[in-house]
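Participant: Let me begin by handing over the structure; questions about it come next.
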Amino acid sequence: MSPRGPSDDDAPRPGPADTPPGERAADPSRPISSGARDDLAGSARTAPGARDDLVDASPPTPLDPLAPGKREPSRPLARSVARPPSAVTPAARPESTAHAGADKSSTGAPQRPFASVARLPAPDSRPSDLSRIRMTRIGQRIVAAPRVPWWGRLESRVITALVCLGILCVGASAYLVALTVQYFEGIVGSATQKSDDAVALALPFYDGYVKARKETYRARLEAMARELELAAARGELAADDPAGLRELLHELLRREPDLVELQAQGSHSALAERRALLPEDEGARIWVVSGPVPLNMFPGTGLIDQGSLGAIFALDPALDRDYQSLGMIKRGLDYVTVDGNVVDRGELERAVYRAIGAASALVLMVAFIAGFLLARATTRKLSMLSDAMLRVAGGDLLARVPELGNDELGQLGAAFNGMLDELASAQRKLSYLQRVGAWQEMARRIAHEIKNPLTPIQLAAQQLREKDPGTDENFSRLLRSSVEIVEDEIESLRRMVTSFSRFAKVPEAQLEPTVVARILAEFERAYGHLTERESDVLEVIPAPPSLVILGDRQLLKQCLVNLVENAVLSQRQRGPVHVRVAARPAEGEPGFVELRVDDNGPGIEPERRERVFEPYESTRKEGTGLGLAIVKKVVLDHNGEVRVEDSELGGAAVVIRLPLHEPGG
Ligand SMILES: Nc1ncnc2c1ncn2[C@@H]1O[C@H](COP(=O)(O)OP(=O)(O)OP(=O)(O)O)[C@@H](O)[C@H]1O
Ligand SMILES: [Mg+2]
């Protein structure tokens, strides 16, 4: 990508990897004027003069190399010195180039943020201790965390709580049902007792009544037998006249309304019966058999002698029905009607208890399943959270909690992710600043080492030219051209030294309330000429005066200079340049302002938009790749961010986002 690719490595490279700068500076044999050394060594970072020089004295310098005919575009020596070894990445940078303030984390393996979390048990730990520890592998690491016993897990606790609740509910309802049953049992029991008492009281009366009726029937039957005997004695009935006997029986039957049947037994039998009194409906009448009583109508004749008379009476069942219904009432208390079916009360109670048992089992099962699902949903989220936390503890700062919904756990996960994003961004910023710091130190040393010998070399070259005897024309021509080359390279090296020094001398930002509009106005006044050619346009849009930031005016102006230079240089070979500098409140982010430099150049490919901010990343032959690194360092010092995006002018837009200053905030 960079035109100073691997082929540049062929050139001689007196860089810091070959000869440590300290050693060269200490070499007493080198003809370095102490004044020149002091010049660089004394470039105090915080001296106000140095800061003013940075902005006010140097704007045209970066554009100078492009002035036509000033120098040839590339020279091996210049390139090889200007470009520190590109293979030296911050992670693999030798300590010798990155000491002096840069700590180990900027040169070696990335720091482990929470090193103390993954503590493994000592090797001599007893097995019982090990069984209480859960090992989780996270990438190459093994993280130890206390193992939670099953009864201590949230899942088990929620299930147990729900099952206990279920048991409590079921127990309470069973108890209530039992109480209710007992209550009604008491009511029904006392009713049954009363009915038993009533039945017991009524029974003797009923028995006496039935007995009296039976005796009455027997007395009436005996009276009828005497009547028959009397009729026979009076001669109203002949001994050999069975029809007459039957007639008499019928006569008695007609006279006694409740008599159903009358039957004489003996030598002559006769039967008289009345079907009308036969019960047509069941229970309409009760038949009471009476007799037989002795019947001796013709004593001494042998006729119907030693006979008998029997009868059946039809009894009105009203009393019996009352008695029966009393018993039925008693029995009715032992039964209940359910959906038209008569069911034994005891059986019904047993069924109720069985139903309660089944309902209890169902409730417990539902409680268990609901508890399991509920606990599962919660613990699943918790375990996702704890997994992410363990991974972060293991050093994986890219770990994130997946979307967990809108409940408190979801908010916790989102907050955790937000915190990690902040942490990652702070870490990126820190590591960038550390990297830039290390590069600044190296630039300072290189500039120092290169600058010192330049003056003696230049003097020596001038002397060579002056001392030319002029006797040999060919020799003189060769000498002149060689001296020119040397002087060109010296000039080139001087520019590079200036560039390195400026990079090394970027001071700490002095933050104070600053009106953004003023920065733009001052920039336009001082650097409006940056575009040189008539056809070029540099637009500076006035900013609203309300935008105030905590910033360093000089440094921010320097950033704008660097960005406008880049914009101009990127388009210069292609045609008229159009650059626009503007500041406006950040869209959708109240509390932030955006400084933008848009251009109509070729733009920057998306995959390079991060990389261009790395020091020494350049595609320009004359560039050192430090302009954007300075911009990013300054912006980070302002707690801001810088990014590259597509410009509405067709090229690249570099956007600097800075927090607005809230007075008293
Ligand atoms: N506006 C731009 N349009 C296109 N490319 C750009 C633009 N700005 C920067 N770049 C690219 O980013 C690289 C790095 O820019 P940076 O300003 O850091 O270094 P440089 O301009 O090459 O050198 P220096 O600024 O130190 O003289 C440039 O070489 C160029 O490839
Ligand atoms: Mg630049």
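The values are calculated or read from the model by the stated rules, or taken from the named source; none is laboratory data. These numbers come from a predicted model, not from an experiment. Cβ: placed from backbone, ideal geometry, glycine included. Neighbour counts: every protein chain shown. Quick note on the areas: whole protein, heavy atoms, side chains included, nothing else; ligands and nucleic acids left out. Shrake-Rupley method; radii C 1.70, N 1.55, O 1.52, S 1.80 Å.
Participant: Give the residue, chosen from Leu433, Leu404, Leu412, that is buried (at least 19 other Cβ atoms within 10 Å of the Cβ) and of a type in the set (A, V, I, L, M).
Facilitator: Values: Leu433 fails: buried (at least 19 other Cβ atoms within 10 Å of the Cβ); Leu412 fails: buried (at least 19 other Cβ atoms within 10 Å of the Cβ).
Answer to the check: Leu404.
Participant: Shifting gears a bit: What's the total number of residues in segment 548-579 that are away from ligand 1 (no atom under 12 Å from the Cβ) and open to solvent by 10 Å² or more (accessible area, probe 1.4 Å)?
Facilitator: Within segment 548-579, residues that are away from ligand 1 (no atom under 12 Å from the Cβ) and open to solvent by 10 Å² or more (accessible area, probe 1.4 Å) number 7.
Results for (1) farther than 30 Å from Asn639 by Cβ; (2) more than 60 Å from the chain's Cα centre (by Cα), shown as yes or no for each residue.
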| site | (1), (2) |
| --- | --- |
| Pro469 | yes, yes |
| Asp472 | yes, yes |
| Leu479 | yes, yes |
| Val486 | yes, yes |
| Arg495 | yes, no |
| Thr498 | no, no |
| Lys505 | no, no |
| Ala509 | no, no |
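Participant: Can you tell me which residue in segment 495-515 is nearest to Ala438 (Cα to Cα), limited to those that are part of a loop (DSSP other than H, G, I, E, B) and open to solvent by 10 Å² or more (accessible area, probe 1.4 Å)?
Facilitator: In the first step, residues of segment 495-515 are kept if they are part of a loop (DSSP other than H, G, I, E, B); the result is 505-511.
Right, trim to open to solvent by 10 Å² or more (accessible area, probe 1.4 Å) and you get 505, 508-511.
Values: Lys505: 13, Glu508: 15, Ala509: 18, Gln510: 21, Leu511: 23 Å.
Restricting to residues being part of a loop (DSSP other than H, G, I, E, B) and open to solvent by 10 Å² or more (accessible area, probe 1.4 Å), the top hit is Lys505.
Participant: Turning to a different aspect of this structure: Go through segment 178-198 residue by residue and tally those that are over 60 Å from the mean Cα position of the chain (by Cα) and either of a type in the set (Lys, Arg) or surrounded by fewer than 15 Cβ atoms within 10 Å (Cβ to Cβ) (or both). Please lay out each step first, then the result.
Facilitator: We begin by selecting, within segment 178-198, every residue over 60 Å from the mean Cα position of the chain (by Cα); these are 189-198.
Remaining after also requiring either of a type in the set (Lys, Arg) or surrounded by fewer than 15 Cβ atoms within 10 Å (Cβ to Cβ) (or both): 189-191, 193-194, 196-198.
The qualifying residues number 8.
Participant: Kindly evaluate Leu252 against the criterion of being of a type outside the set (Gly, Ala, Ser) and either within 11 Å of Gly310 (Cα to Cα) or without any contact (Cβ under 8 Å) to a residue 60 or more places away in the chain (or both).
Facilitator: Details: of a type outside the set (Gly, Ala, Ser): yes; either within 11 Å of Gly310 (Cα to Cα) or without any contact (Cβ under 8 Å) to a residue 60 or more places away in the chain (or both): yes.
Spelling it out, Leu252 is indeed of a type outside the set (Gly, Ala, Ser) and either within 11 Å of Gly310 (Cα to Cα) or without any contact (Cβ under 8 Å) to a residue 60 or more places away in the chain (or both).
Participant: Another question, if that's okay. In this structure, does Ile490 turn out to be of a type in the set (A, V, I, L, M), touching a residue at least 60 places away in the same chain (Cβ under 8 Å) and either surrounded by fewer than 20 Cβ atoms within 10 Å (Cβ to Cβ) or outside the structural domain of Cys559 (by TED's automatic domain parsing) (or both)? It would help to see each step written out before you state the result.
Facilitator: Details: of a type in the set (A, V, I, L, M): yes; touching a residue at least 60 places away in the same chain (Cβ under 8 Å): no; either surrounded by fewer than 20 Cβ atoms within 10 Å (Cβ to Cβ) or outside the structural domain of Cys559 (by TED's automatic domain parsing) (or both): yes.
So Ile490 does not fit the description; no.
Participant: Which condition number does Arg533 fail, the rest of (1) more than 15 Å from ligand 1 (Cβ to nearest atom); (2) under 22 Å from Leu636 (Cα atoms) being met?
Facilitator: In the conditions (1) more than 15 Å from ligand 1 (Cβ to nearest atom); (2) under 22 Å from Leu636 (Cα atoms), Arg533 misses (2) alone.
Participant: For residues in segment 612-657 being over 28 Å from Pro576 (Cβ atoms) and basic (Lys, Arg), which is nearest to ligand 1 (Cβ to nearest atom)?
Facilitator: At the first step, the residues of segment 612-657 found to be over 28 Å from Pro576 (Cβ atoms) are 614-616, 629, 632-641, 657.
If we keep only those that are basic (Lys, Arg) as well, we get 632-633, 657.
Details: Lys632: 9, Lys633: 11, Arg657: 17 Å.
Among them, the one singled out is Lys632.
Participant: Determine which single condition Val401 fails, assuming it passes every other condition in (1) touching a helix residue (DSSP H, G or I) at 6+ places or on another chain (Cβ under 9 Å); (2) among the β-branched types (Val, Ile, Thr); (3) assigned to a helix (DSSP H, G or I).
Facilitator: (3)
Participant: Could you run through segment 362-397 and say how many residues are open to solvent by less than 30 Å² (accessible area, probe 1.4 Å), within 12 Å of the chain's Cα centre (by Cα) and at pLDDT below 85?
Facilitator: Result for segment 362-397: 1.
Participant: Please find, within segment 555-590, the residue that is nearest to Leu649 (Cα to Cα) out of those that are of a type in the set (Gly, Ala, Ser) and touching a Gly at 6+ places or on another chain (Cβ under 9 Å).
Facilitator: Looking at the filtered set, the residue picked out is Ala567.
Participant: Something else about it: Would you say Arg518 is surrounded by 13 or more Cβ atoms within 10 Å (Cβ to Cβ), in a helix (DSSP H, G or I) and in contact (Cβ under 8 Å) with a residue 24 or more places away in the chain?
Facilitator: Numbers: surrounded by 13 or more Cβ atoms within 10 Å (Cβ to Cβ): yes; in a helix (DSSP H, G or I): yes; in contact (Cβ under 8 Å) with a residue 24 or more places away in the chain: yes.
Against the criterion (surrounded by 13 or more Cβ atoms within 10 Å (Cβ to Cβ), in a helix (DSSP H, G or I) and in contact (Cβ under 8 Å) with a residue 24 or more places away in the chain), Arg518 qualifies.
Participant: May I ask you to verify whether Glu422 is without any contact (Cβ under 8 Å) to a residue 12 or more places away in the chain, outside any helix (DSSP H, G or I) and either acidic (Asp, Glu) or open to solvent by 50 Å² or more (accessible area, probe 1.4 Å) (or both)? First the steps, then the outcome.
Facilitator: On the way: without any contact (Cβ under 8 Å) to a residue 12 or more places away in the chain: yes; outside any helix (DSSP H, G or I): no; either acidic (Asp, Glu) or open to solvent by 50 Å² or more (accessible area, probe 1.4 Å) (or both): yes.
Against the criterion (without any contact (Cβ under 8 Å) to a residue 12 or more places away in the chain, outside any helix (DSSP H, G or I) and either acidic (Asp, Glu) or open to solvent by 50 Å² or more (accessible area, probe 1.4 Å) (or both)), Glu422 does not qualify.
Participant: Name the residues in segment 243-266 that are in contact with a Phe, Trp or Tyr (Cβ under 9 Å, 6 or more places away or on another chain) and in a loop (DSSP other than H, G, I, E, B), would you?
Facilitator: Once the filter is applied, which keeps residues that are in contact with a Phe, Trp or Tyr (Cβ under 9 Å, 6 or more places away or on another chain) and in a loop (DSSP other than H, G, I, E, B), segment 243-266 yields Glu256, Asp258.
Participant: What tally of residues in segment 199-227 results from selecting those that are modelled with pLDDT under 85 and either surrounded by 13 or more Cβ atoms within 10 Å (Cβ to Cβ) or under 22 Å from Ala270 (Cβ atoms) (or both)?
Facilitator: Count: 6.
Participant: Condition first: surrounded by fewer than 21 Cβ atoms within 10 Å (Cβ to Cβ), more than 39 Å from the chain's Cα centre (by Cα) and either more than 9 Å from ligand 1 (Cβ to nearest atom) or on the phi > 0 side of the Ramachandran plot (or both). Now tell me which residues in segment 583-611 satisfy that.
Facilitator: Gly603 - this is the single residue of segment 583-611 that is surrounded by fewer than 21 Cβ atoms within 10 Å (Cβ to Cβ), more than 39 Å from the chain's Cα centre (by Cα) and either more than 9 Å from ligand 1 (Cβ to nearest atom) or on the phi > 0 side of the Ramachandran plot (or both).
Participant: So if I check each of Pro606, Pro615, which one is under 30 Å from Arg494 (Cβ atoms) and assigned by TED's automatic domain parsing to the domain that holds Glu539? Explain how you work it out, then say what you get.
Facilitator: Working: Pro606 fails: under 30 Å from Arg494 (Cβ atoms).
Going through Pro606, Pro615 in turn, the sole match is Pro615.
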